[in-house]
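Heads up: the structure comes next, in structure tokens.
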4 protein chains.
Amino acid sequence: MEKFVVLPEIAKLGHVALVSENLEKSLWFFRDVLGLEETEEVDGVHYLRAWGDFEHHTLSVRAGETSYIDHIGWRTKRREDVATFAKILEDAGTEVRWIKAGEERGQGEAIRFELPSGHRFELYYDMEKTPADPERKSVLKNQTYKAWRKGVSPRRIDHINLQTSVNNLEVVNFLREKLGFKLREYFVNKNNEQVASWLSVTPLVHDVAIMTTDRSKKPNEMHHLAYWLDNAQDLLRAADILNEAEIEFVGPGKHGISQAMYVYVKDPGSGLRIEIFTNGYLIFEPDWEPIKWTYEEYLKYGSTYWGDRRRDDVDREAQIRELIQSR
Amino acid sequence: MEKFVVLPEIAKLGHVALVSENLEKSLWFFRDVLGLEETEEVDGVHYLRAWGDFEHHTLSVRAGETSYIDHIGWRTKRREDVATFAKILEDAGTEVRWIKAGEERGQGEAIRFELPSGHRFELYYDMEKTPADPERKSVLKNQTYKAWRKGVSPRRIDHINLQTSVNNLEVVNFLREKLGFKLREYFVNKNNEQVASWLSVTPLVHDVAIMTTDRSKKPNEMHHLAYWLDNAQDLLRAADILNEAEIEFVGPGKHGISQAMYVYVKDPGSGLRIEIFTNGYLIFEPDWEPIKWTYEEYLKYGSTYWGDRRRDDVDREAQIRELIQSR
Amino acid sequence: MEKFVVLPEIAKLGHVALVSENLEKSLWFFRDVLGLEETEEVDGVHYLRAWGDFEHHTLSVRAGETSYIDHIGWRTKRREDVATFAKILEDAGTEVRWIKAGEERGQGEAIRFELPSGHRFELYYDMEKTPADPERKSVLKNQTYKAWRKGVSPRRIDHINLQTSVNNLEVVNFLREKLGFKLREYFVNKNNEQVASWLSVTPLVHDVAIMTTDRSKKPNEMHHLAYWLDNAQDLLRAADILNEAEIEFVGPGKHGISQAMYVYVKDPGSGLRIEIFTNGYLIFEPDWEPIKWTYEEYLKYGSTYWGDRRRDDVDREAQIRELIQSR
Amino acid sequence: MEKFVVLPEIAKLGHVALVSENLEKSLWFFRDVLGLEETEEVDGVHYLRAWGDFEHHTLSVRAGETSYIDHIGWRTKRREDVATFAKILEDAGTEVRWIKAGEERGQGEAIRFELPSGHRFELYYDMEKTPADPERKSVLKNQTYKAWRKGVSPRRIDHINLQTSVNNLEVVNFLREKLGFKLREYFVNKNNEQVASWLSVTPLVHDVAIMTTDRSKKPNEMHHLAYWLDNAQDLLRAADILNEAEIEFVGPGKHGISQAMYVYVKDPGSGLRIEIFTNGYLIFEPDWEPIKWTYEEYLKYGSTYWGDRRRDDVDREAQIRELIQSR
């Protein structure tokens, strides 16, 4: 038998590095309202995670002049995958920058590079699994913090949703060919052009979605970062908590694509939208045929299967109509 | 760069093939009470699946003199993995029997073999994705049947739990070394011997668990087959449904190991125990350190974190005490 | 001590008598989709109730040329209250019609009369508590039918919501002074005129609500009949069921007034809107101060605290704006 | 028509006055774990209520040498009912003690007296509705505090459950005849003697239950004070919170009697058992026939319909068996 050699693989979405123009407000939102736990604060960077996250952090926040996403971190399956990915990317003409171990707290050597859309990704393997301090530690050996300490109290990071004004397929092909993502669902405009795509390296329906916006928008915007709750009821409780904190939100509702429930709420400090997310399905099938939603199907059930249909950022239906005409 | 060659891999738990000494009662239980959908009936074999299952079946039931599990089917990641696994197993001295395509409805060529405990596994790649008939088909493109048509109405198959009187580690090592399962959690007796293990090839905490029973028991028993529900509330609704059907059950409760909620109920036709299962955590970490529960930890939180502690089959605590003395 | 004499009192909302222009479709909706149980069918009238209702029926449906609400039945606290109410009403100039025992299946002697808005109410005391037939009977002695037999499966009737184009206070005063209802919550337009009122004789926030519509509408319309579910999660399940039945609905969302969750769906046979309803608060305080919501408060939190804000019948915000200008 | 004169009536359970031998621990439990809000602290008495309670307090706690229930307060429907009840009770030979307005913070003139079992009841009408302070006040006009601020976070007080070693019917008859309670459900021992009773003045199945214990126990013990949650899912969340606080509890489970779900947990400071309680049914029927559960029915479904059957105080089944033999 031949010697087995393994393809480099991404294991999971790791974290989002956020810069906030109002750090205090962002910290109030993420710690008190959303209920993330702070692992530690080092040199002005606050490292946060949910009670069921196992890595050192799944969100970092630091102060800045303007708010933006510095990068989106992904953990590889093996230590050597970082270098292998670097080689694959460089061979394909993508500029790769190496980040030294420790430059980001708790993290080993990493690489950063940009998608064709300009979104900055980071790949790393080593990451500390800093345990919770005794006061916040769960009595369960397989759980980081006590659950339900404060606010919405999600279990773990789930996925990111990116927006781009460049061609959707260009980004999708990069994700599939260079990084090993699998296409799970997508929808097309009236010209049958793929304008929004859900992809994953895990059985989650998406670790990343990429939505086309109209051409007046920036190529590398972020629609949201999602955190997972275990039960739909917890989402309704989240809605009560957000109203009591006097923070506007959209939802609850259920998507047809992914079959998951959502509440969308923006961090009032940075403007980063968070999706509070639950239910949905998992894909274990190795020969998954990507689900194609036509424009009409998308409008009927794909986006909002039921529930609050408002969009707090864009009128997505109007936007899709625009896309149809312009492309 | 070297040529990439891939290791054979199991993608997912596929199905359980059940023989029932009271087929009529089993069908009433699985179709009307549990609420599985029947894909089709061929030559006396009833092929069933949950509304969110994508394969042709996740449970088959046929009549027999006595009730038993004929085999447990697992789907491989690639078509060629079936033969590769066959070679690996035969090289290691395990007897492998080839099953022709179509011998099991909807299924391609497969192999069957026994674990060191005698539990019979099947590996296959090809399996029909028979769509639901129009009356039962979901309006959602990514969902097989309408949800909530009848009874408990779980979403999908989740895992199996096996019992054996042979050495736990012997089975665990076979699963890890020959089939690529990863150890996720385990507990030990007072002599620090591993007596129960949770393993998976997916991010689920377990696709299979293997529990040691006392030596008077058979080496290849099944503790349960689990079906997944999306929400904890659905489990409470299941409890109401089971009581109204006058079927005894154990639960609801929450396990510490896996952090999942459970209701255990036996098919009154065959005696097969079904775990109605929800919540819990996923493991995306590539360097997961198996969680070890000591005997005391297991008794306190590992088995029943909270809820109904009864066991309908064995007094597991008494059993563990016995294991401690005898080994 | 003086002799104690009791005031006549209404105990509870009893039932709604519906005439449907498409009986078959209405029965499909109420029995298969909503999941009400049919007590019996007598002379073309189908008597329905929820699994936790104790009276013979809480909804009756019969065929008619056009769809309308024949009457809304209320049960009195004592048998003699029916006659006492008749006297009070007649003394005040309200026409009262006596209905013979048995004219409505299961019901004793009753009176019918109209509110100032023209809505027809019925008062009765005697009503059969026909038990469920053995196949559908709950194993619980305090529950009529097995729960969760079909569809949405609400527990019990909850309240009615009436619409009128006549003066809101005129109807409210009639309900308070003649029938003993207590005002619980209300909202006013910009001219500080009470335009919508929630009243009850029980600790429910409302057994009846009366909403002012614009003057072009009929004086005696019904906005909805509500059935109660025990848990918010059950409402989300209802949303799935309605979508799978391809019936449009509004919700889920949470009202500020009553603090209850809702899904609004119309019987496709008759057009009668059903509110699937849960959570909310109870009023046990004997000196309850009616909650007044200003126009702005009503728009912000009173109507939709969160969730789906659409209205399937009228644009209620536009309507309120109209009311403000016209009155 | 005769002049209408009204019978004195109890409107609702008001509060429980607790003395704790470990005030600090009790306050930690009630404020941080259970999540009650403190209205104010006056002269060492801590006045607490749930976020949806409307009165000044539903629980008061002060320090004492030993832990005990000082009294159980009930609000009357009208101010004059307090004196009328005093007269009825004194006429029947029950000793009545008047409590001056303000002796209990926020409360008007009241009377105190003992049931035949020795449990001390208080009747009052006037009670302050102190609003929440601005930081904790709900954005909803009909809700006292923001929900979900801390811990389990129940909505409101629900009922009390008393234990007595005196004859059950003696206490029941007192409650019915002197105080206007209605019997809703009860169970009998093998000699057909009523040994446990559920009674209410509201549509709740019980505002008070009275359970017979064996004769070695005190005549005036309290089994529990119950607080209400809106959803069954909230009870499962409560179970997680209690485990993380390392406080033992019993449940979750569902009672057949009342059809409600429960978790039982003791305040570690005073030993007072709290029932965290949800779901169940309401009785609006004016001619409710009390549900009788035989001994066998009680054991099968009445006590624990499903769920955790353990009792943390007494082996109730053993106790009932004892009752059967001794009476």
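Data overview
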| item | result |
| --- | --- |
| Long-range HN-HN contacts of C:I99 with modeled amide H, under 5 Å | C:A110, C:I111, C:R112 |
| Largest-first principal axis extents, alpha carbons of the protein assembly as shown, Å | 103, 76, 68 |
| With DNA, RNA and ligands ignored, accessible area of D:D53 (1.4 Å probe; Å², nearest 10) | 10 |
| Residues of type lysines that C:K190 reaches as a straight line, Cα spacing below 18 Å, ignoring anything fewer than 8 places off in the same chain | C:K292, C:K300 |
| Percent of beta bridges antiparallel (DSSP, region B:10-124, rounded to nearest 5) | 70 |
| Rounded accessible area per residue of region C:142-213, 1.4 Å, Å² | 25 |
| Chain A pair-distance distribution - Cα-Cα, 20 Å bins, rounded % | 31, 61, 8, 0 |
| Accessible heavy-atom area order of D:L282, D:L34, highest first, probe of 1.4 Å | D:L282, D:L34 |
| Per-residue ³J(HN,Hα) for region B:120-132, Karplus 6.51 cos²θ - 1.76 cosθ + 1.60, θ = phi - 60°, Hz, x for Gly and Pro | 8, 9, 10, 10, 8, 10, 7, 8, 4, 10, 3, x, 5 |
| Relative contact order computed over region A:145-203 (Cα-Cα under 8 Å; 6+ residues apart), in percent | 25 |
| Leading residue at positive end of dipole, region D:156-326 (Cβ point charges), from D:L242, D:A226, D:G180 | D:G180 |
| Kirkwood Rh, Cα atoms: Rg over Rh of region A:161-218 | 0.96 |
| For region A:222-285 and region D:103-130, distance of Cα centres in Å | 46 |
| Long-range HN-HN contacts of D:T76 with modeled amide H, under 5 Å | D:A11, D:Y124, D:Y125 |
| Inter-copy label distances at B:E170 (7 Å, Cα→Cβ; nm, one decimal) | 6.2, 6.8, 9.0 |
| Dimensions (Å) - region D:10-124, Cα atoms, principal axes, largest first | 45, 30, 22 |
| For region B:156-326, alpha-carbon Rg and Dmax in angstrom | 15.5, 46 |
| 29 Å Cα-Cα threshold exceeded, pairs from A:K146/C:K150; A:K266/D:K137; C:K254/D:K12; A:K100/A:K178; B:K100/B:K217 | A:K146/C:K150; B:K100/B:K217 |
| Using a 7 Å Cα-to-Cβ projection, C:D126 label spacings across copies, nm, ascending | 4.8, 7.4, 8.8 |
| Net charge dipole size for the protein assembly as shown [Lys, Arg +1 and Asp, Glu -1 on Cβ; Debye, nearest 20] | 0 |
| Residue of chain A nearest the A-to-D rotation axis [by Cβ], rounded angstrom distance | A:Q233, 2 |
| Sequence of B:K300, A:K254 from largest to smallest accessible area, 1.4 Å probe | B:K300, A:K254 |
| Charge context of C:W228, other residues only, Cβ under 11 angstrom, K/R +1, D/E -1 | -3 |
| Scattering curve values for region B:83-153, log₁₀ I(q)/I(0), Debye with Cα scatterers, q = 0.14, 0.21, 0.26 Å⁻¹ | -0.64, -0.87, -1.10 |
| Bins of 5 Å, starting at 0 and running to the largest distance - Cα pair percent for region C:50-183 | 2, 8, 16, 19, 18, 15, 12, 6, 3, 1 |
| Relative contact order [Cα under 8 Å, 6+ residues apart], chain B, whole percent | 17 |
| FRET efficiency for D:E90 and C:D287, using Cβ-Cβ distance with R0 set to 22 Å, rounded to 0.05 | 0.25 |
| Inter-copy label distances at C:K190 (7 Å, Cα→Cβ; nm, one decimal) | 3.8, 7.7, 8.1 |
| Inter-site label distance for A:E103 and D:E177 at 7 Å from Cα along Cβ, in nm | 8.8 |
| Theoretical ellipticity at 222 nm over chain C - DSSP helices of four or more residues, -39500 (n - 2.57) apiece, nearest 500 | -4500 deg cm²/dmol |
| Relative contact order (%) - region D:156-326, alpha-carbon pairs under 8 angstrom, separation at least six | 25 |
| Percent antiparallel among DSSP beta bridges (both partners in the protein assembly as shown, rounded to 5) | 75 |
| Solvent-accessible ranking of D:T94, A:T58, largest area first, probe 1.4 Å | D:T94, A:T58 |
| From phi via Karplus (6.51, -1.76, 1.60), per-residue ³J(HN,Hα) for region D:54-63 in Hz, x at Gly/Pro | 9, 7, 4, 7, 10, 8, 10, 9, 9, 6 |
| Accessible area per residue, Å², region D:10-124 with all protein chains present, probe 1.4 Å | 38 |
| Nearest-10 value in Å² for the accessible area of D:I88, using the 1.4 Å probe | 40 |
| Unit charges on C-beta of K, R, D, E only; dipole of region C:220-316, Debye | 200 |
| Amide H contacts of C:I283 (H built 1.01 Å from N, under 5 Å, at least 5 apart or other chain) | C:L204, C:V205 |
| Partner chain coverage, peptide B:242-253 - average Cβ within 10 angstrom | 4 |
| Region C:94-142, dipole about Cα centre (Lys/Arg Cβ +1, Asp/Glu Cβ -1), debye to the nearest 20 | 200 |
| Size of the B/A contact, given as accessible area buried on both chains, probe 1.4 Å, in Å² | 4800 |
| Protein accessible area in chain A, 1.4 Å probe - carbon and sulfur % | 45 |
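The values are calculated or read from the model by the stated rules, or taken from the named source; none is laboratory data. A quick note: this is a predicted structure, and the numbers were derived from the prediction, not measured. Here the Cβ is made from the backbone with ideal geometry for all residues, glycine too, and neighbour counts use every protein chain on show. What goes into the accessible areas is simple: the full protein's heavy atoms, side chains included, and nothing from ligands, DNA or RNA. Shrake-Rupley method; radii C 1.70, N 1.55, O 1.52, S 1.80 Å.
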